[in-house]
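Novice: One structure follows; several queries about it will come next.
The values are calculated or read from the model by the stated rules, or taken from the named source; none is laboratory data. Note that the structure is predicted; figures quoted are calculated from it, not measured. FYI the Cβ positions are ideal-geometry reconstructions off the backbone, even for glycines, and counts take in every protein chain you see.
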Amino acid sequence: MLQKLSIKTGLTKTEIRVIVFLGITLIVGFCYSIFFKSPDNSSIKKFDYTGQDSLFLASGSNEDSTGFTDAFTLNEKSSSANLLELNNKEYPRLQSKKLPVGKSINLNSANEVLLITLPGIGIKTAQKILGLRRKLGKFKNYDDLLEVKGIGNTKLEKIKKYSYIK
């Protein structure tokens, strides 16, 4: 029978067997879903985790090195929809850094706030730069910055675009 069907359709015996198997599987699955599916499984169950969330938030300290713990206190955020709202006021670290104008920062007179605006420079690195500047008196050239831990040749090239030494 498969040989006759194979000649008429132009399919091999294996291809016909696969098609028959898939058809039978489809029919059995359809019958199962109609006769054995209970109506309780059709609705999606929603769970309320506010009690567990409050325990979790209460177990941690309010001061975190990332500064995100205070943003998720249960009093401020009571529903799951509010947890997903991200705005720039609550997450200042997620904002991109505004770069200064080219060659606008004098490394020998800049304070910590100005140094932080340079690409790749954070609070710790700015403090290290200020410490090195105090130690040296003032920078004579850009290579002096290579003594700061965290500043390599790549970061130095980025800093050069926005700073000068006078």
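Novice: Looking for something assigned by TED's automatic domain parsing to the domain that holds G152, of a type in the set (S, T, N, Q), more than 23 Å from the chain's Cα centre (by Cα) and at pLDDT 50 or above - is there at least one such residue anywhere in the range 117-130?
Specialist: Yes.
Novice: So, one more: List the helices (runs of 4 or more DSSP H) that sit entirely inside the range 103-164 and contain at least 1 residues that are charged (D, E, K, R) and touching a residue at least 24 places away in the same chain (Cβ under 8 Å).
Specialist: 123-136, 153-162
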